[in-house]
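Have a look at the structure below before the remarks.
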Amino acid sequence: MRPRLDLIHRPTPLVVPARLSELLGVDLSIKRDDATGGAEAGNKVRKLEWFLADALATKSTVVITCGGTQSNHARSTAILCASLGLRSILFLRRGDLKDEDATGGNVLLDRLVGAEIRWIDAAAYADRTSVLANAARELAESGERPYVIPEGGSNGLGSLGYVDAMREVKAQLDASSAPRFDVVAHACGSGGTAAGIVLGARQHDVAKQVWSFAVCNDRAYFEAAIARIAAEAKALDPDLGAPADLVVDDRARGPRYGIMSEEQRAFLVLVARTSGVVLDPVYTGKALFGVVRAVERGEIAKGARVLFVHTGGLPGLLAQSATFEKDFA
Ligand SMILES: *Cc1c(COP(=O)(O)O)cnc(C)c1O
């Protein structure tokens, strides 16, 4: 078996927020993967348990990865590297938001733990795979042992973290003799979480159907990306069977990556005030908004048993305080 570090407070809680269920019109449970840990928390830690085990096993000295300005993945990587005594280099895309907060939120945490940030523009970021490969080559030439983690930690190895998360959910269901879910819903940004969930949901009989709410690219892009990552995962773990039914929904993306519509912001505020469930504006807020829309359209049945995977993102919310000012007027 491949090595995996134990970096998560597991199992993460599975909670039933009654007032939020009422608001949404479904029988909702939330898998609190925003609580995988402390400042490093979020869905990326489940992937990093595999990557960083691999980095240590290969005696790597420096971890290289990339993301948007307010990348949760880059922040989780930076914090966990600091805890393991590894150097980290983050290639962050400059200029994601109009009133960009390039010092607060995730970036504050990146800098706090001493990650080396290398800012690149959107054009360079489009070619991120070669940016990471070139940096790795240069570091190797200077005597370092670099370990490259792809955007979002989304490849077959990282996705195994979400196959295992579904095993964890199944054990939680069994412990309370609860039936399986009708739908698992979550935010999708680079596809690795979705690939692990579709494989794990079927493997561990958590649900027949998975709804992945795209926050950046479109449905065709993610259908291909998720299929590719799931194929990589199966190559690593031949015991994995067929995936669950997948619906990629790109209708809740909002105006653009990182930006919510006014309606989406109002929903995020309403959810917080109704239930104390704090969503983020980049991923989870859009995904749960997408669930509401799908229920309104009758595509997810009223009263359905829905598992929402809360993937984290709190620092990204804190970086948008200026945007939310108008919602509090
Ligand atoms: C990265 C991220 C996602 C999306 O996960 P992917 O595996 O990249 O699709 C969802 N929510 C949050 C908060 C994230 O940081």
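Rounded to 0.05, the FRET efficiency of the ALA266 and SER142 pair, given R0 = 45 Å and the Cβ-Cβ distance, is 0.30. Relative contact order of the range 194-326, taken over Cα pairs closer than 8 Å and 6 or more residues apart, is 24 percent.
With K and R counted +1 and D and E -1, the other residues having a Cβ less than 14 Å from that of ALA214 yield a net charge of +2.
Distance between the pseudo-spin-label points of VAL15 and LYS59 (7 Å out from Cα toward the beta carbon): 4.5 nm. Beta bridges from DSSP with both residues in the range 186-329: antiparallel share about 10 percent, rounded to the nearest 5. Shown in residue order for the range 64-74 are the 3J(HN,Hα) couplings computed by the Karplus curve 6.51 cos²θ - 1.76 cosθ + 1.60 at θ = phi - 60°: 10, 8, 8, x, x, 3, 9, 5, 5, 4, 5 Hz (x for Gly and Pro). The residue list THR284, TYR257, ALA272 was ranked by how far each Cα lies along the charge dipole of the range 213-329 toward its positive end, using unit charges on Cβ atoms, and ALA272 comes out on top. Name all residues of the range 172-193 having a backbone nitrogen under 16 Å from the label point set 7 Å from the Cα of ARG305 along its Cα→Cβ direction, giving them as ranges. Output list for this probe position: 172-185. Radius of gyration (Cα atoms) of the range 1-118, expressed as a multiple of 2.2 N^0.38 Å: 1.23.
Counting heavy atoms of the protein chains alone, LEU132 has an accessible area of about 10 Å² for a 1.4 Å probe.
Normalised by the number of residues in the range 214-288, the mean separation of alpha-carbon contacts (under 8 Å, six or more apart) gives a relative contact order of 37 percent.
Put a plus charge on the Cβ of each Lys and Arg, a minus charge on the Cβ of each Asp and Glu, and nothing anywhere else: the dipole of the range 104-247 about its Cα centre is then about 200 debye. Of the solvent-accessible surface of the chain, computed with a 1.4 Å probe and all protein chains present, 52% belongs to carbon and sulfur.
For ARG2, neighbours were defined as the other residues whose beta-carbon sits under 15 Å from its Cβ, and their charges (Lys and Arg +1, Asp and Glu -1) total -3. Placing +1 on the Cβ of every Lys and Arg and -1 on the Cβ of every Asp and Glu, with nothing else charged, gives the chain a dipole about its Cα centre of roughly 260 debye.
The simple Förster model, with R0 at 22 Å and r as the Cβ-Cβ distance, assigns ALA329 and ARG293 a FRET efficiency of 0.30.
Note on ARG273 and ALA227: their simple-model spin labels are 4.4 nm apart, each label 7 Å out from Cα toward Cβ. Among the protein heavy atoms, those of HIS204 account for about 50 Å² of accessible surface (1.4 Å probe, every chain in place). Annotation: the antiparallel percentage among DSSP beta bridges lying fully within the chain is about 10. Note that the chain presents 41 Å² accessible area per residue, ligands and nucleic acids not counted, probe 1.4 Å. Along each principal axis, taking the top coordinate minus the bottom one, the Cα set of the range 199-329 gives 54, 31, 24 Å in descending order.
Centre-to-centre separation between the Cα atoms of the range 203-265 and those of the range 28-83: 20 Å. Seen from all directions on average, the range 179-265 presents a Cα convex hull projection of 6.0 nm².
Restricting to bridges with both residues inside the range 8-139, how much of the DSSP beta-bridge set is antiparallel, in percent to the nearest 5? Percent antiparallel among DSSP bridges in the range 8-139 is about 15. The Cα atoms of the chain define a convex hull whose projected area, averaged across directions, is 15.8 nm². In this entry, the range 108-172 is assigned a mean projected area of 6.9 nm², taken as a quarter of its C-alpha convex hull surface.
The value of relative contact order for the chain, using C-alpha pairs under 8 Å at least six residues apart, is 21 percent. So between ALA124 and LYS208, what do we pick up on full extension, going 0.36 nm a residue minus the alpha carbon distance? Full-extension gain reported as 26.3 nm. Taking all protein chains as shown and a probe of 1.4 angstrom, ASP27 keeps an accessible surface of around 60 Å². What does the net charge come to around ARG137 if you take all other residues with beta carbon closer than 14 Å to its beta carbon, with K and R at +1 and D and E at -1? In short, -2.
The values are calculated or read from the model by the stated rules, or taken from the named source; none is laboratory data. In this text the structure is predicted, and so the values were computed from the model without any measurement. A quick note on method: Cβ atoms are made from the backbone with ideal geometry, for glycine too, and the neighbour counts reach across all protein chains shown. These accessible areas exclude ligands, DNA and RNA; they are computed on the full protein's heavy atoms, side chains included. Shrake-Rupley method; radii C 1.70, N 1.55, O 1.52, S 1.80 Å.
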